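Down below is the structure, laid out as structure tokens.
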Amino acid sequence: MLKVAERAQLALEALPPEERVAFIKKKSHVWSGFKRYLAKMSYGKCWYSESPDPQSFFDVDHFRPKSEAKRSKDTAPDDGYPWLAFSWENFRYSAGRSNRLSKDEQTDKTVGKGSWFPLCEGSAVACWEQRDIGLEQPMLLDPISAADMRLIKVGSVGKIEPSNICVGTNRLRVERSIKSYGLDLPPLTGARLKVMRDVQIQYETLMQTVEAANAVPPAADLLPVPTQAGAITAMTMPDSAYSLAARSKLIELGGAYLIASVEDYPAAKA
């Protein structure tokens, strides 16, 4: 697939501006061909919402829009980032609800990223002639950015919230990302709440087992402390559904030491 993408990129570079969008539209098989590889990287979960719903359709989203970019409600879209149309580094595995504009029946709100890509006030804007995207300051959080992911947590009611270290402009970035990606739609908050309840029940059970072990030391080795702790840690693994909710709940309960480390992570299936 990389070779296919490289050939498409070379052809795109040779085209005049007025032919680029049509060419990109005809080459959707290029990014679609990466879908199964991107899915494996996230264990089949949407990179934005962590949803693994097998009944949902999934897309290869272009984080920076390939044909046009809407910066605000008050300005016309610009040309976006056509030079990134075939760049795998710009691809994100996304549930349709996070990627495509749609109206949620329960909330009557329009959600989905679409071609929306606002930048923070004062940010540079990359273009075909000046492609340095490193100078930009995107408003939307990027799921592959560790720094961005440290800005969010799951609150007690299952909704995404700014984390304790999220301040200033980053709080606005979190708010705008929640809206654009549809992160607080009722089915998602409900699924996160279920995970958080399960974590709490299992954590309380573990604490009771530890208390019993400490009360009767000779019997301690017979009690399932390691098994119970391992089951909780498994819920925080990247291959578990809504693992951010599990991690957030453990931190709230004072059980952050049970959160999986990188060394615990499972390998993606071939």
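The values are calculated or read from the model by the stated rules, or taken from the named source; none is laboratory data. These figures come from a predicted structure and were not determined experimentally. Virtual Cβ from ideal backbone geometry, glycine too; neighbours counted across all protein chains shown. Surface accessibility is based on the protein's heavy atoms, side chains included, excluding ligands, DNA and RNA. Shrake-Rupley method; radii C 1.70, N 1.55, O 1.52, S 1.80 Å.
Selection within the stretch 221-270: residues that are surrounded by 18 or more Cβ atoms within 10 Å (Cβ to Cβ) and not in a helix (DSSP H, G or I). The member of this set that is farthest from the chain's Cα centre (by Cα) is Gly255.
The residue list Thr75, Thr107 contains one member that is polar (S, T, N, Q) and without any contact (Cβ under 8 Å) to a residue 24 or more places away in the chain, which is Thr75. The residue pairs whose first member lies in the stretch 170-198 and is more than 30 Å from Cys120 (Cα to Cα), whose second member is assigned to a helix (DSSP H, G or I) and open to solvent by 10 Å² or more (accessible area, probe 1.4 Å), and whose beta carbons are closer than 6 Å, counting only pairs six or more residues apart or on different chains, are Met196/Lys249. Quick one: is Ser49 under 30 Å from Glu161 (Cβ atoms) and not basic (Lys, Arg)? Yes; evaluated as a whole, the condition is true for this residue. In this structure, Leu141 qualifies as of a type in the set (A, V, I, L, M), touching a residue at least 24 places away in the same chain (Cβ under 8 Å) and in contact with a Ser or Thr (Cβ under 7 Å, 6 or more places away or on another chain). Residues in the stretch 178-200 include at least one that is part of a loop (DSSP other than H, G, I, E, B) and open to solvent by 20 Å² or more (accessible area, probe 1.4 Å).
Taking the stretch 69-114 as the range and being open to solvent by 70 Å² or more (accessible area, probe 1.4 Å), modelled with pLDDT of 85 or more and over 20 Å from the mean Cα position of the chain (by Cα) as the test, the residues that pass are Lys70, Lys73, Asp74, Thr75, Ala76, Asp79. Every test in (1) surrounded by fewer than 16 Cβ atoms within 10 Å (Cβ to Cβ); (2) modelled with pLDDT under 95; (3) under 30 Å from Thr110 (Cβ atoms); (4) not polar (S, T, N, Q) is passed by Pro218 save one, and that test is (3).
Out of the stretch 1-49, which residues are touching a Ser or Thr at 6+ places or on another chain (Cβ under 7 Å), open to solvent by 40 Å² or more (accessible area, probe 1.4 Å) and within 20 Å of Ser94 (Cα to Cα)? If the condition is that a residue be touching a Ser or Thr at 6+ places or on another chain (Cβ under 7 Å), open to solvent by 40 Å² or more (accessible area, probe 1.4 Å) and within 20 Å of Ser94 (Cα to Cα), then Trp47 is the only one that fits. Scanning the stretch 98-138 for residues that are within 22 Å of Cys46 (Cα to Cα), β-branched (Val, Ile, Thr) and either part of a helix (DSSP H, G or I) or touching a helix residue (DSSP H, G or I) at 6+ places or on another chain (Cβ under 9 Å) (or both) returns Thr107, Val111.
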